[in-house]
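Each remark here refers to the structure printed beneath this line.
The values are calculated or read from the model by the stated rules, or taken from the named source; none is laboratory data. Predicted model, so just to flag it, every value in this text is computed and none were measured. FYI the Cβ positions are ideal-geometry reconstructions off the backbone, even for glycines, and counts take in every protein chain you see.
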Amino acid sequence: MQTLSNKKILLGITGGIAAYKSAELVRLLIKAGAEVRVVMTPSAQEFVQPLTYQALSGHRVYVDLFDAEADSAMDHIELARWCDLLLVAPASADFLGKMNAGYADNLLLTLCLAAKQSVAVAPAMNQQMWANPATQENVKQLAARQVIVWGPAEGEQACGDVGAGRMLEAAQLLDNVQRHFSPGRLEGVNLLLTAGPTREAIDPVRYISNRSSGKMGYAIAEAAMRQGASVTLVSGPVSLAAPAGARLISVESAQQMLDAVMQQASEADVFVACAAVSDYRVDQAAQQKIKKSDAAMSLKLVLNDDILATVSALERRPFCVGFAAETQDVEQYALAKMEQKNLDMIAANRVGDGSGFETDFNQLEVFWRAGRQTIEHAGKAEVAKQLIDLIAERYTASLA
Ligand code: C5P
């Protein structure tokens with residue numbers, strides 16, 4: 001199917017062994033209907049001849065700044081404006097560093113600076129170079145400036161190492177490009193999300209909290225934005241950067257989380273309660289630090305309001321999705337919770353067996369009134385993507 005017809009893609013190729021995969025990418029993009037032009041950095045030519053890409057794309061390949069200027073129909077600014085997407089694949093560590101710093105000492109870097117449209121990069125390098133904090137910092141900053149980062153994948157490398165750093169395969173990159181251009185399934189939807197733990201003060205320096213890292217909630221925020229949703233993320237204390245483009249409201253206690261959510265709830269179309277909210281708080285938190293004494297001490301705990309149940313009880317309520325983290329009888333508890341809290345959907349996981357809290361992996365059993373679906377054990381980003389697909393499907397069905 002010509003999913004990319006009328007799409008103009010400028011493919012930037014930097015110096016790396018993965019440059020050979022980009023030849024296949026050019027072929028796949030063209031087969032999908034895209035018009036492709038290729039720009040190479042000088043060092044990319046050490047790996048593959050420009051002629052290869054010229055033959056595949058049917059256009060001359062641009063290599064240096066003055067090449068582009070010599071082509072009066074397409075100078076470097078024109079070329080940057082011409083495309084709907086500028087994709088740098090492979091993107092070397094050196095290129096990412098220069099791109100982040102705003103260098104423009106070759107044509108491709110100049111185009112990255114001049115591009116108004118989306119810019120995506122597919123990093124490819126040795127795993128040690130990818131793991132280096134300098135590279136990580138560069139990629140983080142580029143992502144914060146809306147540069148789309150695809151990959152890298154994990155696996156065996158040309159140099160014999162094994163780890164993260166391989167460029168995504170051409171078919172995977174094609175898939176990402178197609179997804180980039182297909183309208184999101186949550187376009188125009190306001191999605192409100194809670195994530196992370198809460199902290200319940202005992203005194204000014206001590207609190208009660210839990211092991212939630214916030215990773216699942218943040219991954220859901222990211223996945224929802226990729227599907228076009230406007231995301232408001234009400235988050236307890238976590239050490240994660242807010243996904244670029246989400247509106248972040250940082251809170252500490254369950255009460256603050258409830259207040260923030262209730263302020264936003266009337267605007268929300270979908271509410272996803274992913275936070276591990278403390279069920280109890282200390283009845284009267286001490287105003288001053290509690291002093292140690294020889295006597296045993298006890299804390300009186302009182303129940304916190306249930307944020308999710310409060311939202312789902314609203315007269316004009318959003319589509320409500322809850323989580324159930326259980327150590328046993330997951331299905332039974334999840335279904336009971338869906339009923340009790342009057343939810344549209346519940347995502348249940350068994351905690352404590354390599355998924356759930358404090359790990360990068362999860363697996364979910366998702367229930368709604370008329371069905372269920374398993375989301376198999378995978379990285380949280382993938383699980384979040386599949387959950388958001390399911391939420392989009394059930395939410396859309398609920399409007400019909
Ligand atoms: O009842 P339980 O705490 O197991 O329910 C978990 C679900 O309810 C999660 O979606 C969680 O975010 C939400 N919840 C809430 N407010 C609370 C407790 C739980 O929104 N006070």
Inset, instruction - May I ask you to say which residue of E78, E24, E46 is out of contact with any strand residue (DSSP E or B) (no Cβ under 8 Å at 6 or more places or on another chain), closer than 23 Å to A171 by Cα and either surrounded by fewer than 16 Cβ atoms within 10 Å (Cβ to Cβ) or outside the structural domain of N138 (by TED's automatic domain parsing) (or both)? - result: E24
Inset, instruction - May I ask you to list pairs of residues, at least six apart or on different chains, whose Cβ atoms are under 7 Å apart, with the first in region 144-156 being at positive phi and the second being assigned to a loop (DSSP other than H, G, I, E, B) and surrounded by fewer than 16 Cβ atoms within 10 Å (Cβ to Cβ)? - result: Q146/A244
Legend entry - Residues (more than 12 Å from the ligand (Cβ to nearest atom) and either among the charged types (D, E, K, R) or assigned to a helix (DSSP H, G or I) (or both)) located in region 319-338: D329, E331, Q332, L335
Inset, instruction - Please give the number of the condition L10 fails out of (1) buried (at least 20 other Cβ atoms within 10 Å of the Cβ); (2) at pLDDT 95 or above; (3) over 23 Å from P183 (Cβ atoms). - result: (3)
Legend entry - Those residues of region 339-358 which are touching an Asp or Glu at 6+ places or on another chain (Cβ under 8 Å) and either within 12 Å of the ligand (Cβ to nearest atom) or modelled with pLDDT of 95 or more (or both), in sequence order: K341, A347, A348, N349, V351
Inset, instruction - Read through the list (1) within 12 Å of E200 (Cβ to Cβ); (2) free of Cβ contacts under 8 Å to residues at least 40 places away in the same chain, then give the number of the only condition that V277 fails. - result: (2)
Legend entry - strands (runs of 3 or more DSSP E) contained entirely in region 92-174, each with at least 3 residues that are of a type in the set (D, E, K, R) and buried (at least 19 other Cβ atoms within 10 Å of the Cβ): none
Inset, instruction - Look at V162 and say whether it is farther than 21 Å from L111 by Cβ and not assigned by TED's automatic domain parsing to the domain that holds V277. - result: yes
Legend entry - Test: M257 is of a type outside the set (D, E), buried (at least 19 other Cβ atoms within 10 Å of the Cβ) and modelled with pLDDT of 95 or more: yes
Inset, instruction - Quick one: which residue in A347, A324, A392 is touching a residue at least 40 places away in the same chain (Cβ under 8 Å), in contact with a Lys or Arg (Cβ under 9 Å, 6 or more places away or on another chain) and either loosely packed, with under 15 Cβ neighbours inside 10 Å or of a type in the set (A, V, I, L, M, F, W, C) (or both)? - result: A392
Inset, instruction - Sort through L240, L301 and tell me the only one that's of a type outside the set (D, E) and either more than 14 Å from the chain's Cα centre (by Cα) or not assigned by TED's automatic domain parsing to the domain that holds A347 (or both). - result: L301
Inset, instruction - Just need a number here: residues in region 27-43 that are surrounded by fewer than 16 Cβ atoms within 10 Å (Cβ to Cβ) and farther than 20 Å from K8 by Cβ. - result: 1
Legend entry - Total residues in region 303-318, condition within 8 Å of the ligand (Cβ to nearest atom) and assigned to a loop (DSSP other than H, G, I, E, B): 3
